[in-house]
1. So the check is Cβ under 7 Å with 6+ separation or different chains; which pairs have a first residue in the range 118-145 that's farther than 20 Å from Pro195 by Cα and a second one that's of a type in the set (Gly, Ala, Ser) and at pLDDT 90 or above?
2. Does Asp451 count as open to solvent by 30 Å² or more (accessible area, probe 1.4 Å) and more than 14 Å from the ligand (Cβ to nearest atom)?
3. Can Leu350 be described as within 26 Å of the chain's Cα centre (by Cα), within 13 Å of the ligand (Cβ to nearest atom) and not in a loop (DSSP other than H, G, I, E, B)?
4. Got a sec? Which strands (runs of 3 or more DSSP E) wholly within the range 52-145 have at least 1 residues that are of a type in the set (Val, Ile, Thr)?
5. Where residues in the range 172-183 are open to solvent by 10 Å² or more (accessible area, probe 1.4 Å) and assigned to a strand (DSSP E or B), which of them is nearest to Val232 (Cα to Cα)?
6. Given the condition polar (S, T, N, Q), modelled with pLDDT under 95 and in contact with a helix residue (DSSP H, G or I) (Cβ under 6 Å, 6 or more places away or on another chain), answer yes or no: does some residue in the range 294-312 qualify?
7. For the range 265-288: of the residues being part of a loop (DSSP other than H, G, I, E, B) and touching a helix residue (DSSP H, G or I) at 6+ places or on another chain (Cβ under 6 Å), which is surrounded by the most Cβ atoms within 10 Å (Cβ to Cβ)?
Amino acid sequence: MPDGRDGSFDGPTEKCGVVGASLADRDAARPLYYSLYALQHRGQESAGIVTHDGFQQHSHVEMGLVGDAFDTDDVDGLAGSAGIGHVRYPTAGSVDESCAQPFTVSFKSGSLALSHNGNLVNSEEIREELAGLGHAFTSDGDTEVIAHDLARNLLESDLVRAVKRTMSRIHGSYSLAIMHDDTVLGVRDPAGNRPLCIGTVEDGYVVASESAAIDTIDGELVRDVRPGELVVLHPDGEGFDSYQLVERDRPAHCFFEHVYFARPDSVIDGNLVYEVRRELGRNLWEESGIDTDVVMPVPDSGRAFASGYAEAAQDNGAGVEFAEGLMKNRYVGRTFIMPTQDERERAVRLKLNPIKSTVEGKTVTLIDDSIVRGTTSTQLVQLLKDCGAEAVHMRIGAPPIVAPCYLGIDMATREELIASDKSVEEIGDAIDADSLAYLSREAVADALGADRGDLCMGCVTGEYPYEIDGEETDREVSRPVIDGGSSAGADD
Ligand code: AMP
(Lines give C-alpha, C1' and ligand atoms only; values in the text may rest on other atoms or scores of the structure.)
Protein backbone atom coordinates (compact mmCIF):
# COMPACT_ATOMS: atom_id res chain seq x y z
CA MET A 1 0.00 0.00 0.00
CA PRO A 2 1.30 3.42 -0.78
CA ASP A 3 2.11 5.62 2.12
CA GLY A 4 3.28 9.11 1.48
CA ARG A 5 3.51 10.22 5.11
CA ASP A 6 7.25 9.69 5.19
CA GLY A 7 7.59 11.20 1.74
CA SER A 8 8.61 7.88 0.26
CA PHE A 9 5.63 7.19 -1.94
CA ASP A 10 6.88 6.41 -5.40
CA GLY A 11 4.20 4.10 -6.74
CA PRO A 12 3.12 4.13 -10.36
CA THR A 13 0.79 7.06 -10.90
CA GLU A 14 -1.19 6.73 -14.06
CA LYS A 15 -2.01 10.30 -15.02
CA CYS A 16 -2.97 9.44 -18.52
CA GLY A 17 -5.30 9.94 -21.43
CA VAL A 18 -7.60 7.24 -22.78
CA VAL A 19 -9.74 7.00 -25.88
CA GLY A 20 -11.86 4.37 -27.61
CA ALA A 21 -13.86 4.34 -30.85
CA SER A 22 -16.36 2.12 -32.58
CA LEU A 23 -17.14 3.18 -36.14
CA ALA A 24 -19.47 1.84 -38.85
CA ASP A 25 -17.18 0.90 -41.68
CA ARG A 26 -13.90 2.72 -41.62
CA ASP A 27 -10.73 2.05 -39.70
CA ALA A 28 -10.68 3.56 -36.23
CA ALA A 29 -6.90 4.00 -36.10
CA ARG A 30 -6.67 7.45 -37.70
CA PRO A 31 -9.35 9.14 -35.56
CA LEU A 32 -7.81 7.48 -32.51
CA TYR A 33 -4.41 8.82 -33.51
CA TYR A 34 -5.77 12.36 -33.86
CA SER A 35 -7.55 12.17 -30.55
CA LEU A 36 -4.39 11.00 -28.82
CA TYR A 37 -2.74 14.14 -30.17
CA ALA A 38 -5.52 16.11 -28.47
CA LEU A 39 -4.76 14.30 -25.21
CA GLN A 40 -0.99 14.65 -25.41
CA HIS A 41 -0.92 16.99 -22.38
CA ARG A 42 -2.18 14.05 -20.28
CA GLY A 43 0.86 11.92 -21.02
CA GLN A 44 4.12 12.17 -22.88
CA GLU A 45 5.94 9.01 -21.89
CA SER A 46 4.34 6.51 -24.27
CA ALA A 47 1.55 6.31 -26.81
CA GLY A 48 -0.35 3.35 -28.19
CA ILE A 49 -3.34 2.17 -30.18
CA VAL A 50 -4.87 -1.32 -30.36
CA THR A 51 -7.56 -2.07 -32.95
CA HIS A 52 -9.67 -5.12 -33.76
CA ASP A 53 -10.77 -6.07 -37.27
CA GLY A 54 -13.39 -8.64 -36.28
CA PHE A 55 -10.87 -11.48 -36.33
CA GLN A 56 -7.81 -10.29 -34.47
CA GLN A 57 -6.14 -7.42 -32.62
CA HIS A 58 -3.56 -5.09 -34.17
CA SER A 59 -1.32 -3.15 -31.85
CA HIS A 60 1.24 -0.38 -31.96
CA VAL A 61 2.58 0.89 -28.64
CA GLU A 62 5.80 2.86 -28.29
CA MET A 63 7.65 5.11 -25.90
CA GLY A 64 7.57 8.84 -26.65
CA LEU A 65 5.16 11.48 -27.91
CA VAL A 66 2.29 10.54 -30.24
CA GLY A 67 4.06 12.13 -33.19
CA ASP A 68 7.23 10.13 -32.53
CA ALA A 69 5.56 6.84 -31.64
CA PHE A 70 3.60 6.57 -34.90
CA ASP A 71 4.46 7.04 -38.56
CA THR A 72 1.93 6.77 -41.39
CA ASP A 73 2.59 3.06 -41.95
CA ASP A 74 2.11 2.33 -38.26
CA VAL A 75 -1.33 3.97 -38.32
CA ASP A 76 -2.31 2.39 -41.66
CA GLY A 77 -1.29 -1.02 -40.36
CA LEU A 78 -3.90 -0.91 -37.60
CA ALA A 79 -6.92 -2.48 -39.29
CA GLY A 80 -10.42 -2.55 -37.87
CA SER A 81 -13.29 -0.22 -37.09
CA ALA A 82 -12.95 -0.68 -33.33
CA GLY A 83 -10.02 0.41 -31.23
CA ILE A 84 -8.69 2.06 -28.11
CA GLY A 85 -5.70 4.31 -27.45
CA HIS A 86 -3.61 5.63 -24.61
CA VAL A 87 -1.04 8.28 -23.72
CA ARG A 88 0.95 7.77 -20.53
CA TYR A 89 2.26 10.39 -18.15
CA PRO A 90 5.93 10.33 -17.22
CA THR A 91 6.70 9.45 -13.63
CA ALA A 92 10.21 9.93 -12.29
CA GLY A 93 12.16 6.68 -12.23
CA SER A 94 9.60 4.59 -14.03
CA VAL A 95 10.19 5.20 -17.70
CA ASP A 96 9.38 1.65 -18.52
CA GLU A 97 8.04 0.01 -21.66
CA SER A 98 6.29 -2.68 -19.66
CA CYS A 99 3.88 -0.01 -18.40
CA ALA A 100 3.09 1.41 -21.85
CA GLN A 101 -0.53 0.94 -22.86
CA PRO A 102 -3.04 -0.18 -24.14
CA PHE A 103 -2.34 -3.36 -22.24
CA THR A 104 -3.42 -6.54 -24.08
CA VAL A 105 -4.28 -10.08 -22.96
CA SER A 106 -5.50 -13.08 -24.96
CA PHE A 107 -7.39 -15.77 -23.16
CA LYS A 108 -9.74 -18.70 -23.81
CA SER A 109 -12.80 -16.64 -24.62
CA GLY A 110 -11.18 -13.91 -26.70
CA SER A 111 -8.92 -10.91 -26.45
CA LEU A 112 -8.85 -7.85 -24.23
CA ALA A 113 -7.15 -4.49 -24.57
CA LEU A 114 -7.22 -1.95 -21.76
CA SER A 115 -6.31 1.73 -21.35
CA HIS A 116 -6.36 3.14 -17.84
CA ASN A 117 -6.26 6.62 -16.37
CA GLY A 118 -6.11 6.72 -12.59
CA ASN A 119 -4.57 4.80 -9.76
CA LEU A 120 -5.88 1.84 -7.77
CA VAL A 121 -5.30 1.78 -4.04
CA ASN A 122 -5.69 -1.99 -3.61
CA SER A 123 -3.97 -3.41 -6.69
CA GLU A 124 -1.33 -5.25 -4.63
CA GLU A 125 -4.00 -7.27 -2.83
CA ILE A 126 -5.62 -8.36 -6.10
CA ARG A 127 -2.29 -8.97 -7.80
CA GLU A 128 -1.22 -11.35 -5.04
CA GLU A 129 -4.52 -13.18 -5.17
CA LEU A 130 -4.39 -13.57 -8.97
CA ALA A 131 -0.72 -14.56 -8.91
CA GLY A 132 -1.69 -17.28 -6.40
CA LEU A 133 -4.24 -18.51 -8.95
CA GLY A 134 -1.57 -18.82 -11.62
CA HIS A 135 -1.75 -15.44 -13.41
CA ALA A 136 1.67 -14.30 -14.63
CA PHE A 137 2.30 -10.53 -14.54
CA THR A 138 4.72 -8.72 -16.83
CA SER A 139 4.59 -5.21 -15.32
CA ASP A 140 4.29 -3.61 -11.90
CA GLY A 141 1.42 -1.38 -13.02
CA ASP A 142 -2.14 -1.66 -11.78
CA THR A 143 -3.62 -1.71 -15.29
CA GLU A 144 -2.43 -5.26 -15.79
CA VAL A 145 -4.18 -6.21 -12.56
CA ILE A 146 -7.49 -4.88 -13.93
CA ALA A 147 -6.93 -6.69 -17.25
CA HIS A 148 -6.24 -10.05 -15.56
CA ASP A 149 -9.12 -9.71 -13.16
CA LEU A 150 -11.49 -8.90 -16.00
CA ALA A 151 -10.18 -11.76 -18.16
CA ARG A 152 -10.76 -14.14 -15.27
CA ASN A 153 -14.32 -12.89 -14.75
CA LEU A 154 -15.02 -13.17 -18.47
CA LEU A 155 -14.35 -16.91 -18.30
CA GLU A 156 -17.32 -17.27 -15.96
CA SER A 157 -19.81 -14.60 -16.99
CA ASP A 158 -20.96 -12.25 -19.72
CA LEU A 159 -19.25 -8.96 -20.42
CA VAL A 160 -21.45 -6.71 -18.27
CA ARG A 161 -21.39 -9.01 -15.25
CA ALA A 162 -17.65 -9.50 -15.61
CA VAL A 163 -17.04 -5.73 -15.60
CA LYS A 164 -19.35 -5.36 -12.63
CA ARG A 165 -17.47 -8.03 -10.71
CA THR A 166 -14.14 -6.39 -11.45
CA MET A 167 -15.53 -3.01 -10.39
CA SER A 168 -16.59 -4.51 -7.08
CA ARG A 169 -13.01 -5.64 -6.44
CA ILE A 170 -10.89 -2.71 -7.55
CA HIS A 171 -10.74 0.43 -5.43
CA GLY A 172 -9.27 3.73 -6.39
CA SER A 173 -9.55 5.95 -9.42
CA TYR A 174 -10.06 4.58 -12.89
CA SER A 175 -11.38 5.78 -16.19
CA LEU A 176 -11.02 2.92 -18.62
CA ALA A 177 -11.32 2.38 -22.35
CA ILE A 178 -11.59 -1.38 -22.85
CA MET A 179 -11.87 -3.50 -25.98
CA HIS A 180 -13.19 -7.04 -25.67
CA ASP A 181 -12.73 -8.61 -29.11
CA ASP A 182 -14.25 -5.85 -31.26
CA THR A 183 -16.54 -4.37 -28.61
CA VAL A 184 -15.38 -1.07 -27.11
CA LEU A 185 -16.36 -0.09 -23.56
CA GLY A 186 -15.92 2.92 -21.34
CA VAL A 187 -15.91 2.57 -17.54
CA ARG A 188 -15.65 5.28 -14.90
CA ASP A 189 -14.94 4.56 -11.26
CA PRO A 190 -17.81 4.86 -8.77
CA ALA A 191 -16.52 8.21 -7.49
CA GLY A 192 -15.94 9.64 -10.99
CA ASN A 193 -12.51 10.71 -9.83
CA ARG A 194 -10.95 10.96 -13.31
CA PRO A 195 -12.87 12.39 -16.26
CA LEU A 196 -14.36 10.29 -19.06
CA CYS A 197 -16.90 11.32 -21.65
CA ILE A 198 -18.78 9.90 -24.57
CA GLY A 199 -19.17 11.52 -27.96
CA THR A 200 -20.59 10.88 -31.37
CA VAL A 201 -18.97 11.18 -34.78
CA GLU A 202 -20.69 10.87 -38.15
CA ASP A 203 -20.40 7.09 -38.25
CA GLY A 204 -19.98 5.96 -34.68
CA TYR A 205 -19.26 6.64 -31.03
CA VAL A 206 -16.17 7.43 -29.03
CA VAL A 207 -15.16 7.56 -25.38
CA ALA A 208 -12.35 9.87 -24.29
CA SER A 209 -10.73 11.35 -21.21
CA GLU A 210 -11.58 14.83 -22.40
CA SER A 211 -14.06 16.32 -24.82
CA ALA A 212 -11.27 18.17 -26.67
CA ALA A 213 -10.34 14.77 -28.12
CA ILE A 214 -13.88 14.44 -29.51
CA ASP A 215 -13.81 17.98 -30.96
CA THR A 216 -10.56 17.18 -32.73
CA ILE A 217 -12.19 14.43 -34.78
CA ASP A 218 -15.20 16.63 -35.61
CA GLY A 219 -17.38 14.81 -33.13
CA GLU A 220 -19.87 16.08 -30.61
CA LEU A 221 -19.85 15.57 -26.90
CA VAL A 222 -22.88 13.51 -25.82
CA ARG A 223 -22.25 13.61 -22.07
CA ASP A 224 -19.90 12.59 -19.30
CA VAL A 225 -19.75 8.90 -18.46
CA ARG A 226 -21.35 8.78 -15.01
CA PRO A 227 -19.52 7.63 -11.92
CA GLY A 228 -19.93 3.84 -11.69
CA GLU A 229 -21.26 3.57 -15.24
CA LEU A 230 -20.29 1.18 -18.03
CA VAL A 231 -20.99 2.24 -21.62
CA VAL A 232 -20.83 -0.40 -24.34
CA LEU A 233 -20.41 0.97 -27.87
CA HIS A 234 -22.21 -1.02 -30.54
CA PRO A 235 -19.73 -2.59 -32.96
CA ASP A 236 -21.71 -1.23 -35.94
CA GLY A 237 -21.25 2.35 -34.70
CA GLU A 238 -25.02 2.72 -34.32
CA GLY A 239 -25.24 3.56 -30.65
CA PHE A 240 -24.28 2.56 -27.15
CA ASP A 241 -25.78 0.89 -24.10
CA SER A 242 -25.47 2.23 -20.60
CA TYR A 243 -25.29 0.19 -17.40
CA GLN A 244 -25.15 1.88 -14.02
CA LEU A 245 -23.17 -0.91 -12.40
CA VAL A 246 -22.15 0.63 -9.11
CA GLU A 247 -23.83 3.30 -7.02
CA ARG A 248 -21.71 5.21 -4.57
CA ASP A 249 -22.76 7.49 -1.80
CA ARG A 250 -21.08 10.59 -3.26
CA PRO A 251 -18.85 11.43 -6.18
CA ALA A 252 -15.28 12.53 -5.61
CA HIS A 253 -14.38 14.45 -8.75
CA CYS A 254 -10.76 15.60 -8.83
CA PHE A 255 -10.80 19.40 -8.59
CA PHE A 256 -7.21 19.56 -9.77
CA GLU A 257 -8.23 18.42 -13.29
CA HIS A 258 -10.00 21.78 -13.55
CA VAL A 259 -7.23 23.74 -11.90
CA TYR A 260 -4.26 22.37 -13.77
CA PHE A 261 -4.44 19.17 -15.67
CA ALA A 262 -7.22 19.23 -18.23
CA ARG A 263 -7.24 21.33 -21.37
CA PRO A 264 -9.11 24.62 -20.94
CA ASP A 265 -11.22 23.82 -24.01
CA SER A 266 -12.56 20.58 -22.52
CA VAL A 267 -15.92 20.20 -20.82
CA ILE A 268 -15.64 18.02 -17.71
CA ASP A 269 -18.63 17.01 -15.61
CA GLY A 270 -20.66 19.68 -17.32
CA ASN A 271 -18.17 22.52 -16.83
CA LEU A 272 -16.03 24.17 -19.48
CA VAL A 273 -12.59 24.12 -17.89
CA TYR A 274 -11.67 27.55 -19.25
CA GLU A 275 -14.73 29.13 -17.63
CA VAL A 276 -14.00 27.36 -14.33
CA ARG A 277 -10.48 28.76 -14.34
CA ARG A 278 -11.75 32.27 -15.08
CA GLU A 279 -14.27 31.93 -12.27
CA LEU A 280 -11.51 30.72 -9.93
CA GLY A 281 -9.60 33.86 -10.93
CA ARG A 282 -12.62 36.06 -10.20
CA ASN A 283 -13.03 34.39 -6.81
CA LEU A 284 -9.34 34.94 -6.14
CA TRP A 285 -9.83 38.67 -6.61
CA GLU A 286 -12.90 38.62 -4.35
CA GLU A 287 -10.93 36.87 -1.61
CA SER A 288 -7.53 38.49 -1.82
CA GLY A 289 -7.45 41.14 -4.55
CA ILE A 290 -4.71 43.71 -4.22
CA ASP A 291 -4.29 46.92 -6.23
CA THR A 292 -1.19 46.79 -8.39
CA ASP A 293 -0.13 48.37 -11.69
CA VAL A 294 -0.25 45.10 -13.61
CA VAL A 295 -1.78 41.65 -13.34
CA MET A 296 0.33 39.06 -15.06
CA PRO A 297 -0.19 35.32 -15.63
CA VAL A 298 2.44 32.63 -15.35
CA PRO A 299 2.08 31.23 -18.86
CA ASP A 300 0.31 29.03 -19.72
CA SER A 301 -1.03 27.62 -16.48
CA GLY A 302 -2.09 30.95 -14.93
CA ARG A 303 -3.57 32.60 -18.01
CA ALA A 304 -7.31 31.94 -17.59
CA PHE A 305 -7.04 32.62 -13.83
CA ALA A 306 -5.34 35.96 -14.46
CA SER A 307 -7.89 37.06 -17.02
CA GLY A 308 -10.74 36.30 -14.57
CA TYR A 309 -8.87 38.02 -11.75
CA ALA A 310 -8.13 41.14 -13.83
CA GLU A 311 -11.72 41.29 -15.07
CA ALA A 312 -13.05 41.15 -11.50
CA ALA A 313 -10.52 43.81 -10.47
CA GLN A 314 -11.61 46.10 -13.31
CA ASP A 315 -15.31 45.46 -12.55
CA ASN A 316 -14.56 46.63 -9.02
CA GLY A 317 -12.94 49.80 -10.25
CA ALA A 318 -9.31 48.84 -9.75
CA GLY A 319 -7.13 50.53 -12.35
CA VAL A 320 -5.06 47.44 -13.11
CA GLU A 321 -3.65 46.56 -16.48
CA PHE A 322 -3.66 42.93 -17.66
CA ALA A 323 -0.28 42.24 -19.25
CA GLU A 324 1.68 39.31 -20.59
CA GLY A 325 5.00 40.02 -18.96
CA LEU A 326 6.54 36.58 -19.23
CA MET A 327 7.20 34.94 -22.54
CA LYS A 328 7.26 31.20 -22.81
CA ASN A 329 9.63 29.11 -24.83
CA ARG A 330 7.19 26.45 -25.93
CA TYR A 331 9.89 23.99 -26.91
CA VAL A 332 10.97 23.30 -23.36
CA GLY A 333 9.26 20.37 -21.67
CA ARG A 334 7.42 20.56 -18.37
CA THR A 335 9.72 21.52 -15.54
CA PHE A 336 8.08 18.92 -13.40
CA ILE A 337 9.79 16.02 -15.14
CA MET A 338 13.30 17.33 -14.47
CA PRO A 339 14.82 14.86 -12.05
CA THR A 340 16.94 17.19 -9.92
CA GLN A 341 16.17 20.50 -8.22
CA ASP A 342 19.06 22.12 -10.06
CA GLU A 343 17.65 21.11 -13.43
CA ARG A 344 14.18 22.20 -12.41
CA GLU A 345 15.49 25.67 -11.59
CA ARG A 346 17.37 25.88 -14.86
CA ALA A 347 14.27 24.75 -16.74
CA VAL A 348 12.10 27.53 -15.32
CA ARG A 349 14.64 30.06 -16.60
CA LEU A 350 14.85 28.33 -19.97
CA LYS A 351 11.12 28.29 -20.24
CA LEU A 352 10.16 31.82 -19.21
CA ASN A 353 11.71 35.17 -20.04
CA PRO A 354 10.33 38.54 -18.88
CA ILE A 355 9.41 41.50 -21.05
CA LYS A 356 11.23 44.22 -19.21
CA SER A 357 9.03 47.16 -20.23
CA THR A 358 5.89 45.61 -18.72
CA VAL A 359 7.63 45.07 -15.40
CA GLU A 360 10.18 47.80 -14.75
CA GLY A 361 9.16 50.25 -12.04
CA LYS A 362 5.76 48.62 -11.59
CA THR A 363 3.94 46.74 -8.89
CA VAL A 364 2.97 43.35 -10.21
CA THR A 365 0.40 40.69 -9.26
CA LEU A 366 1.67 37.38 -10.60
CA ILE A 367 -0.96 34.69 -10.97
CA ASP A 368 -0.55 30.94 -11.25
CA ASP A 369 -2.81 27.96 -10.74
CA SER A 370 -0.77 26.22 -8.07
CA ILE A 371 2.47 25.99 -6.15
CA VAL A 372 3.93 22.49 -5.85
CA ARG A 373 7.56 22.60 -4.74
CA GLY A 374 7.80 26.36 -5.01
CA THR A 375 10.52 26.27 -7.65
CA THR A 376 8.57 28.17 -10.31
CA SER A 377 7.31 30.95 -8.06
CA THR A 378 10.67 31.46 -6.34
CA GLN A 379 12.40 31.80 -9.68
CA LEU A 380 9.75 34.06 -11.18
CA VAL A 381 9.53 36.46 -8.26
CA GLN A 382 13.32 36.80 -8.44
CA LEU A 383 13.25 37.26 -12.19
CA LEU A 384 10.62 40.02 -12.03
CA LYS A 385 12.52 41.80 -9.26
CA ASP A 386 15.74 41.55 -11.28
CA CYS A 387 13.81 43.21 -14.09
CA GLY A 388 12.97 46.16 -11.88
CA ALA A 389 9.54 45.24 -10.50
CA GLU A 390 8.86 47.39 -7.44
CA ALA A 391 6.81 44.70 -5.76
CA VAL A 392 5.64 41.21 -6.71
CA HIS A 393 2.44 39.91 -5.14
CA MET A 394 1.69 36.26 -5.83
CA ARG A 395 -1.90 34.99 -6.11
CA ILE A 396 -2.66 31.28 -6.52
CA GLY A 397 -5.92 29.93 -7.96
CA ALA A 398 -6.08 26.86 -5.69
CA PRO A 399 -5.56 26.10 -2.00
CA PRO A 400 -2.07 25.12 -0.76
CA ILE A 401 -1.05 21.60 -1.87
CA VAL A 402 -0.17 19.90 1.37
CA ALA A 403 -0.29 16.19 0.55
CA PRO A 404 0.48 13.79 -2.30
CA CYS A 405 -2.07 12.48 -4.78
CA TYR A 406 -2.62 8.72 -4.74
CA LEU A 407 -5.33 8.80 -7.34
CA GLY A 408 -3.52 9.65 -10.50
CA ILE A 409 -1.74 13.00 -10.42
CA ASP A 410 2.02 13.02 -10.17
CA MET A 411 2.28 15.68 -7.50
CA ALA A 412 5.65 15.15 -5.76
CA THR A 413 6.16 13.58 -2.34
CA ARG A 414 4.91 15.16 0.87
CA GLU A 415 8.48 16.12 1.77
CA GLU A 416 8.92 17.99 -1.50
CA LEU A 417 5.65 19.93 -1.24
CA ILE A 418 6.47 23.40 0.02
CA ALA A 419 3.09 23.77 1.78
CA SER A 420 3.26 20.44 3.60
CA ASP A 421 5.12 21.98 6.54
CA LYS A 422 4.92 25.74 6.00
CA SER A 423 2.23 28.34 6.63
CA VAL A 424 1.17 30.67 3.81
CA GLU A 425 3.23 33.43 5.41
CA GLU A 426 6.31 31.20 5.56
CA ILE A 427 5.85 30.21 1.92
CA GLY A 428 5.51 33.89 0.97
CA ASP A 429 8.84 34.51 2.72
CA ALA A 430 10.45 31.47 1.10
CA ILE A 431 9.53 32.61 -2.41
CA ASP A 432 10.35 36.22 -1.50
CA ALA A 433 6.96 37.59 -2.59
CA ASP A 434 5.72 40.89 -1.18
CA SER A 435 2.51 39.09 -0.42
CA LEU A 436 1.07 35.66 -1.13
CA ALA A 437 -2.51 34.42 -1.09
CA TYR A 438 -4.16 31.19 -2.12
CA LEU A 439 -7.80 30.49 -2.95
CA SER A 440 -10.06 28.89 -0.33
CA ARG A 441 -11.54 25.41 -0.72
CA GLU A 442 -15.03 26.91 -0.61
CA ALA A 443 -14.23 29.22 -3.51
CA VAL A 444 -13.06 26.20 -5.55
CA ALA A 445 -16.32 24.35 -4.88
CA ASP A 446 -18.24 27.51 -5.74
CA ALA A 447 -16.46 27.92 -9.11
CA LEU A 448 -17.18 24.29 -9.94
CA GLY A 449 -20.82 24.67 -8.92
CA ALA A 450 -20.27 21.61 -6.74
CA ASP A 451 -20.86 20.65 -3.19
CA ARG A 452 -17.50 20.65 -1.42
CA GLY A 453 -18.16 17.03 -0.34
CA ASP A 454 -18.54 15.88 -3.96
CA LEU A 455 -14.95 16.78 -4.80
CA CYS A 456 -11.70 14.97 -4.17
CA MET A 457 -9.46 17.51 -2.44
CA GLY A 458 -6.99 15.02 -0.97
CA CYS A 459 -3.96 17.03 -2.10
CA VAL A 460 -5.14 20.18 -0.29
CA THR A 461 -6.73 18.57 2.78
CA GLY A 462 -4.70 15.37 3.30
CA GLU A 463 -8.05 13.55 3.52
CA TYR A 464 -8.91 11.20 0.69
CA PRO A 465 -12.14 9.72 -0.64
CA TYR A 466 -10.65 6.20 -0.38
CA GLU A 467 -9.03 4.23 2.41
CA ILE A 468 -5.29 4.62 1.90
CA ASP A 469 -2.93 3.12 4.46
CA GLY A 470 -1.44 5.76 6.71
CA GLU A 471 -3.79 8.50 5.45
CA GLU A 472 -7.09 9.96 6.60
CA THR A 473 -10.32 9.50 4.68
CA ASP A 474 -13.07 12.10 4.49
CA ARG A 475 -15.79 9.59 3.64
CA GLU A 476 -18.00 7.46 5.82
CA VAL A 477 -18.39 4.90 3.05
CA SER A 478 -15.03 4.83 1.37
CA ARG A 479 -15.46 1.53 -0.46
CA PRO A 480 -17.96 1.33 -3.32
CA VAL A 481 -21.43 0.15 -2.43
CA ILE A 482 -22.53 -2.45 -4.96
CA ASP A 483 -26.14 -2.32 -6.05
CA GLY A 484 -28.42 -5.30 -6.72
CA GLY A 485 -27.33 -5.60 -10.35
CA SER A 486 -30.02 -4.69 -12.89
CA SER A 487 -28.68 -3.13 -16.04
CA ALA A 488 -30.37 -0.32 -17.84
CA GLY A 489 -30.79 -0.38 -21.58
CA ALA A 490 -29.55 2.21 -24.03
CA ASP A 491 -30.14 5.77 -23.01
CA ASP A 492 -29.27 9.17 -24.39
P1 AMP B 1 6.56 24.17 -8.61
O2 AMP B 1 7.55 24.92 -9.41
O3 AMP B 1 7.05 22.80 -8.21
O4 AMP B 1 5.97 24.92 -7.48
O5 AMP B 1 5.35 23.84 -9.61
C6 AMP B 1 4.40 24.81 -9.90
C7 AMP B 1 4.13 24.84 -11.37
O8 AMP B 1 3.91 23.52 -11.84
C9 AMP B 1 2.89 25.63 -11.65
O10 AMP B 1 3.19 26.54 -12.70
C11 AMP B 1 1.85 24.61 -12.07
O12 AMP B 1 1.10 25.07 -13.19
C13 AMP B 1 2.64 23.39 -12.46
N14 AMP B 1 2.07 22.15 -11.92
C15 AMP B 1 1.15 21.99 -10.96
N16 AMP B 1 0.88 20.69 -10.75
C17 AMP B 1 1.63 20.00 -11.61
C18 AMP B 1 1.77 18.60 -11.88
N19 AMP B 1 1.08 17.69 -11.22
N20 AMP B 1 2.64 18.27 -12.86
C21 AMP B 1 3.35 19.20 -13.52
N22 AMP B 1 3.26 20.52 -13.28
C23 AMP B 1 2.42 20.93 -12.35
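1. That search, which allows pairs on different chains as well, returns Asn122/Gly172; Phe137/Ala131; Val145/Ser123.
2. Details: open to solvent by 30 Å² or more (accessible area, probe 1.4 Å): yes; more than 14 Å from the ligand (Cβ to nearest atom): yes.
Answer is yes for this residue.
3. Values: within 26 Å of the chain's Cα centre (by Cα): yes; within 13 Å of the ligand (Cβ to nearest atom): no; not in a loop (DSSP other than H, G, I, E, B): yes.
Against the criterion (within 26 Å of the chain's Cα centre (by Cα), within 13 Å of the ligand (Cβ to nearest atom) and not in a loop (DSSP other than H, G, I, E, B)), Leu350 does not qualify.
4. Numbers: elements: 57-63, 82-88, 103-107, 110-120.
Of the strands (runs of 3 or more DSSP E) lying wholly inside the range 52-145, those with at least 1 residues that are of a type in the set (Val, Ile, Thr) span 57-63, 82-88, 103-107.
5. Filtering the range 172-183 for residues open to solvent by 10 Å² or more (accessible area, probe 1.4 Å) gives 180-183.
Among the residues that remain, those that are also assigned to a strand (DSSP E or B) are: 180, 183.
Numbers: His180: 10, Thr183: 7 Å.
This residue is Thr183.
6. Of the range 294-312, the ones polar (S, T, N, Q) are 301, 307.
Now narrow it down to the ones that are modelled with pLDDT under 95: 301.
Filter once more, so that each one left must be in contact with a helix residue (DSSP H, G or I) (Cβ under 6 Å, 6 or more places away or on another chain): none.
The answer is no, given that none of the residues of the range 294-312 is polar (S, T, N, Q), modelled with pLDDT under 95 and in contact with a helix residue (DSSP H, G or I) (Cβ under 6 Å, 6 or more places away or on another chain).
7. Residues of the range 265-288 that are part of a loop (DSSP other than H, G, I, E, B), as a first pass: 265-266, 269-270.
Filter again for touching a helix residue (DSSP H, G or I) at 6+ places or on another chain (Cβ under 6 Å), leaving 265-266.
Working: Asp265: 14, Ser266: 27.
Out of the qualifying residues, it is Ser266.
Condition check ((1) more than 28 Å from His258 (Cα to Cα); (2) open to solvent by less than 40 Å² (accessible area, probe 1.4 Å); (3) more than 16 Å from the ligand (Cβ to nearest atom)) across all residues:
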site: Ile355; (1), (2), (3): yes, no, yes
site: Lys362; (1), (2), (3): yes, no, yes
site: Ile371; (1), (2), (3): no, yes, no
site: Thr375; (1), (2), (3): no, yes, no
site: Val381; (1), (2), (3): no, yes, no
site: Lys385; (1), (2), (3): yes, no, yes
site: Gly388; (1), (2), (3): yes, yes, yes
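The values are calculated or read from the model by the stated rules, or taken from the named source; none is laboratory data. Everything numeric in this text was worked out from a predicted model, so none of it was measured. Every residue, glycine among them, receives a Cβ derived from its backbone with ideal geometry; neighbour counts consider all protein chains shown. In case anyone asks, the SASA skips ligands and DNA or RNA and just uses the protein heavy atoms, side chains included. Shrake-Rupley method; radii C 1.70, N 1.55, O 1.52, S 1.80 Å.
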